[in-house]
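Below is one structure, written out as structure tokens; comments come after it.
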Amino acid sequence: MKKGEQTREVIIHRAARLFNEQGYYGASLSDIMRATGLEKGGIYNHFGSKEELALEAFDYSVGLVNQRIRAAILAQPNTYNRLVAIIEAFSLTATDPVLPGGCPIMKTVIEADDTQPALKERAHSELNRLFESIRYTLKIGVERGEMRPGVDSQKLASLVIASVEGGIMLSRLYQDSSHIEAVVEYLKYILEQNLRP
């Protein structure tokens, strides 16, 4: 890897951590310079704007979350266990986040809202990917006879994502992992009672 590519990766990695802790607005250019050890020109030599860096940092952060979820899914032998793995891997953001600051998707959705349309769109795309992962996993499970047919996969995905994100938020707010643990336990119960054939 060339030196310029290495420098770019270091900037993205350090900015991702900074943005995830302080927010895209909370992290100033001075903060980014301090975190990377580079001057303004050194940063803008690799990125055209703070927004461009923020988008790259978001992709990096979410990539770490996706790697964790993907690894958890691949280690499971059947659909029920894969769905549980998605829930458990995603819920780890409350107690063992891939970067300090919690869930990069939730933080970006809340902060970007309508003021940063490019970031909001990126977060929207990532949530769509998570929805699709849950729907696809359930679809394959029904086809294999591992899951009960007729389950509304969109509603299940909404329940899982909203519950886990809410549990992450409560656990981080109260510094108490019992909130996310309760969510995971209840979602497992719902899967067991309603989805197994």
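The values are calculated or read from the model by the stated rules, or taken from the named source; none is laboratory data. Computed from a predicted model, the values in this text were never measured in an experiment. Neighbour counts are summed over all protein chains in view; Cβ atoms, including those assigned to glycine, are modelled from backbone coordinates with ideal geometry.
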Can you tell me which residue is nearest to residue 74 (Cα to Cα) among those in segment 85-102 that are among the β-branched types (Val, Ile, Thr) and not in a loop (DSSP other than H, G, I, E, B)?
86
Checking residue 11 against (1) under 26 Å from residue 170 (Cα atoms); (2) crowded, with 16+ Cβ neighbours inside 10 Å, the condition it does not meet
(1)
Give me the pairs, please: first residue somewhere in segment 84-112 and under 16 Å from residue 128 (Cβ atoms), second residue anywhere and in a loop (DSSP other than H, G, I, E, B) and hydroxyl-bearing (Ser, Thr, Tyr), beta-carbon distance under 8 Å, and either six or more positions apart or on two chains.
108/24; 112/24
Please tell me if residue 76 is polar (S, T, N, Q), more than 23 Å from residue 20 (Cα to Cα) and outside any helix (DSSP H, G or I).
yes
I'd like to verify a number: residues in segment 113-133 that are more than 15 Å from residue 16 (Cα to Cα) and in contact (Cβ under 8 Å) with a residue 40 or more places away in the chain, how many?
6
Quick one: in segment 90-105, of everything that is buried (at least 20 other Cβ atoms within 10 Å of the Cβ) and either of a type in the set (S, T, N, Q) or under 21 Å from residue 151 (Cβ atoms) (or both), which residue is modelled with the lowest pLDDT?
93
Give the residues of segment 1-45 that are free of Cβ contacts under 8 Å to residues at least 40 places away in the same chain, charged (D, E, K, R) and in a helix (DSSP H, G or I), sorted by residue number.
3, 5, 8, 9, 14, 31, 34, 40
Could you figure out which of (1) part of a helix (DSSP H, G or I); (2) of a type in the set (Gly, Ala, Ser); (3) over 25 Å from residue 129 (Cα atoms) isn't true of residue 48?
(1)
Which residues, counting only those in segment 103-115, are in contact with a Lys or Arg (Cβ under 8 Å, 6 or more places away or on another chain) and outside any helix (DSSP H, G or I)?
113, 114
Going by the structure shown, is residue 57 buried (at least 20 other Cβ atoms within 10 Å of the Cβ), free of Cβ contacts under 8 Å to residues at least 40 places away in the same chain and farther than 30 Å from residue 81 by Cα?
no
With (1) more than 22 Å from residue 73 (Cβ to Cβ); (2) modelled with pLDDT under 95 as the list, and residue 176 as the residue in question, which single condition is left unmet?
(2)
